[in-house]
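The values are calculated or read from the model by the stated rules, or taken from the named source; none is laboratory data. Please read all numbers here as calculations on a predicted model, not as lab measurements. Because the Cβ atoms are built from the backbone with ideal geometry, glycine has one as well, and the counts that use them run over all protein chains shown.
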Amino acid sequence: MNYTRLQSAFHSTRLASQHAQQHTHRRRYATKTKSAHAQWYADVVPAMIPVALLGSAVYLALQLVQVNLAHEKHLDEAKARLSELETEVNALREERRQNLARASTSETRDSPNVGQVSHRWWPFS
């Protein structure tokens, strides 16, 4: 019986020492100082998040402004081209009207049968 009692006491003592070693091991890691790199990242990265968000917002706003200005420039160029084409069409219509007026006056002077209507079905008969 003494042996079993001694064995259980040894076992409980061994468990207690293992438990104490685990706690000291945990405490050693908990109190260990951070490396310089880890400390730098812990200090800098959280501070960079608002800067990154603000930079992204400014970039997107500037990109939106650039797209709007490019669209407005395109519309202005299209309107200018349209007005050029409209003036060209109006000039061509006026020229055509004048040519038709000249042609009709010259046809009336040159035709011998002015005012006569032909009732023939065939031009060769």
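Does the range 102-122 contain at least one residue that is of a type in the set (Lys, Arg) and modelled with pLDDT of 95 or more? Talk me through it step by step, then tell me what you get.
Looking only at the range 102-122, we keep the residues that are of a type in the set (Lys, Arg), and these are 102, 109, 120.
Next, from what is left, pick out any that are modelled with pLDDT of 95 or more: none.
No: the range 102-122 contains no residue that is of a type in the set (Lys, Arg) and modelled with pLDDT of 95 or more.
I'm checking my understanding of the structure. Among residues of the range 25-59 that are surrounded by 10 or more Cβ atoms within 10 Å (Cβ to Cβ) and among the aromatic types (Phe, Trp, Tyr), which one is modelled with the highest pLDDT?
For the range 25-59, the residue satisfying everything is Tyr59.
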